Amino acid sequence: MMLQQTTVAAVIPYFERWMKRFPSVQELAAADESEVLTFWQGLGYYRRARNLHASAKKIDGDWSGQFPQEYESLRALPGIGDYTAQAVRAFAFDQPVPVLDANVIRVVARLFDLRAPVDTATGLTKVRAKLEELLPAKGGYEFVSAMMELGALVCRSGRPDCLLCPLKELCAAQHPEKLPVKAPKAAIKERTELAAWVWDGRAVLLQQSATRRWVGMWRLPPLDGEPPAGPAAELTYSIVRERVTLRIHPRSKGDLSASAEQRKAFSLRDLESIAIPSPHRRAITKMIQNIVDHG
Ligand code: SF4
């Protein structure tokens with residue numbers, strides 16, 4: 001689940017720290033959500049952490065701690081979609097099932113010269129049907145690993161190394177570098193968010209988010225309108241199809257409009273043990289650095 005939307009290289013240190021603290025489903029199920037979020041901090045897309053936590057509770061409760069192995073049971077766990085369910089079945093339980101990651105999709109689209117866009121339901125259904133024709137009668141781990149490796153090392157995106165490919169006699173692709181076909185992407189939207197910096201010399205005021213994206217996490221209090229003076233700090237971050245500019249304005253507590261969300265001041269030491277969305281943690285670090293540099 002950490003690898004959904006995050007690269008292997010970025011995940012490794014988080015995974016190692018996570019597995020030290022939560023070495024079993026039971027340990028994770030028994031943990032507090034705030035601690036789970038703290039261990040996820042920096043990976044983004046916090047819904048994955050909440051889903052993993054909820055899945056651990058479900059496995060611990062409904063399945064007596066035994067990880068389910070069948071597709072439907074896995075799909076019933078929070079945050080487990082088609083890809084993750086099939087990957088767990090292939091890698092953890094060695095079942096011959098279609099695991100459709102980007103590398104496998106590219107290899108199959110080229111092998112069978114499939115021209116339908118693979119990021120549409122129709123295109124993906126065609127890829128899955130062709131992959132199912134190739135599955136071995138038993139064992140999934142080696143087959144899926146081999147397909148993924150072939151895609152990563154030989155049948156690479158853009159520039160396939162067909163001369164070295166063990167499947168070249170079977171491959172139907174006429175212009176493999178043009179495959180797989182993708183549907184045109186929606187444009188990235190630009191958006192600005194404003195947040196307040198309320199600092200009393202020892203502690204910074206944060207607000208506990210109730211919004212879906214960062215629910216339960218502590219962030220700088222949002223501001224409604226752009227104040228006349230420019231921001232004291234600014235940074236950008238990306239979320240699905242959006243590039244957000246976060247601007248931080250120094251304010252006093254009395255300037256803030258009323259909010260149903262809880263507000264609380266945290267010392268620098270306290271900030272280390274609470275869950276803060278990465279862009280807001282970066283903004284806090286910038287503002288503290290400004291204070292250190294300019295007093
Ligand atoms: S022959 Fe080329 S295009 Fe076909 S599977 Fe091998 S590397 Fe990919």
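The values are calculated or read from the model by the stated rules, or taken from the named source; none is laboratory data. Note that the structure is a prediction, hence the values are computed from the model and not measured. All Cβ positions, glycine included, derive from the backbone under ideal geometry; neighbour counts span all protein chains shown. Side chains included, ligands, DNA and RNA excluded: accessible areas come from the protein's heavy atoms. Shrake-Rupley method; radii C 1.70, N 1.55, O 1.52, S 1.80 Å.
Among the residues of segment 132-142, is there at least one that is more than 20 Å from residue 183 (Cβ to Cβ), hydroxyl-bearing (Ser, Thr, Tyr) and in contact (Cβ under 8 Å) with a residue 40 or more places away in the chain? Within segment 132-142, one or more residues are more than 20 Å from residue 183 (Cβ to Cβ), hydroxyl-bearing (Ser, Thr, Tyr) and in contact (Cβ under 8 Å) with a residue 40 or more places away in the chain. Screening 232, 258, 275, 183 for residues that are over 20 Å from the mean Cα position of the chain (by Cα) and surrounded by 14 or more Cβ atoms within 10 Å (Cβ to Cβ) leaves exactly one candidate, 232. Is at least one residue of segment 148-159 open to solvent by 50 Å² or more (accessible area, probe 1.4 Å), more than 21 Å from the chain's Cα centre (by Cα), in the same structural domain as residue 100 (by TED's automatic domain parsing) and among the hydrophobic types (A, V, I, L, M, F, W, C)? The answer is yes, given that some residue of segment 148-159 is open to solvent by 50 Å² or more (accessible area, probe 1.4 Å), more than 21 Å from the chain's Cα centre (by Cα), in the same structural domain as residue 100 (by TED's automatic domain parsing) and among the hydrophobic types (A, V, I, L, M, F, W, C).
Scanning segment 239-250 for residues that are under 24 Å from the mean Cα position of the chain (by Cα), among the charged types (D, E, K, R), open to solvent by 80 Å² or more (accessible area, probe 1.4 Å) and closer than 30 Å to residue 109 by Cβ turns up at least one hit.
Only a single criterion out of (1) more than 15 Å from residue 128 (Cβ to Cβ); (2) touching an Asp or Glu at 6+ places or on another chain (Cβ under 9 Å) is not satisfied by residue 88, namely (2). Determine whether segment 90-98 contains at least one residue that is outside any helix (DSSP H, G or I) and of a type in the set (S, T, N, Q). The answer is yes; a qualifying residue exists.
Within segment 107-137, the residues that satisfy the criterion of being within 16 Å of the ligand (Cβ to nearest atom) and either among the small types (Gly, Ala, Ser) or assigned to a helix (DSSP H, G or I) (or both) are 107, 108, 109, 110, 111, 127, 130, 131, 133, 134.
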